[in-house]
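Novice: The structure's right below; bear with me while I get my questions together.
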Amino acid sequence: MALALLAVAASAALAGCAPGTEPEPRNTTSTPIGPSTPPPGTTSPPAADSEAVDLKTADSPLGEIVVDGRGMTLYYFTKDTKDSGTSACTDECLKAWPIAVAAGDEPAVDPSVTGTVGTIDSPDGRKHLTLDGMPLYYYAKDTAPGDVLGQDVNGVWYVVAPDGEMVTSAPPSQ
């Protein structure tokens, strides 16, 4: 029995876990989780992201625009009614234009976004982000930060400026 205990102690010492020693420190920095909105074209939550904000701004071929914490472009739908508290994009529309969702009860917003940020309740109970009373959406064909493929789709989808104004300039060639 003593021989067995000695073997266990020796094994633990070689592994760096002997009694009275501390294991090597691990990186315990947590990475905040981004909004619970799935990336366009998926139904699962996004991977952890290094940004702790729901909305921020980024430079794009259309100028400075509003993006989510991962840098994905956000859009307005001109068929939505400002301050109505509802979204006109439903059913099949939501497959191509998923809603932007706040990560918590209160949206976390970078100061570069100067428009009024809020939320409305989505039909499934999530907090759908709004800017100046207009719901925000992703475009499923935008697959990387900086994509603005949804600009002017069907003449009703447009990127958003930091002050909440709709950017209606022509889409760039991508």
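Novice: Show me the strands (runs of 3 or more DSSP E) entirely contained within region 26-142 in which 1 or more residues are among the basic types (Lys, Arg) and either modelled with pLDDT of 95 or more or more than 11 Å from the chain's Cα centre (by Cα) (or both).
Specialist: In region 26-142, 56-60, 127-131 are the strands (runs of 3 or more DSSP E) which contain 1 or more residues that are among the basic types (Lys, Arg) and either modelled with pLDDT of 95 or more or more than 11 Å from the chain's Cα centre (by Cα) (or both).
Novice: Has region 79-88 got any residue that is closer than 18 Å to Ala58 by Cβ and β-branched (Val, Ile, Thr)?
Specialist: Scanning region 79-88, I find no residue that is closer than 18 Å to Ala58 by Cβ and β-branched (Val, Ile, Thr), so the answer is no.
Novice: Just checking, which of Asp80, Asp124, Asp105, Asp91 is charged (D, E, K, R), in contact (Cβ under 8 Å) with a residue 40 or more places away in the chain and surrounded by fewer than 22 Cβ atoms within 10 Å (Cβ to Cβ)?
Specialist: Testing whether each residue is charged (D, E, K, R), in contact (Cβ under 8 Å) with a residue 40 or more places away in the chain and surrounded by fewer than 22 Cβ atoms within 10 Å (Cβ to Cβ) leaves just Asp80.
Novice: Here is a check on your reading of the model: is Thr130 among the polar types (S, T, N, Q), at negative phi, surrounded by 14 or more Cβ atoms within 10 Å (Cβ to Cβ) and in contact with a Gly (Cβ under 9 Å, 6 or more places away or on another chain)?
Specialist: yes
The values are calculated or read from the model by the stated rules, or taken from the named source; none is laboratory data. Computed from a prediction, not measured in an experiment: that's the story for all the values here. Glycine gets a Cβ as well: all are built from the backbone with ideal geometry, and neighbour counts include every protein chain shown.
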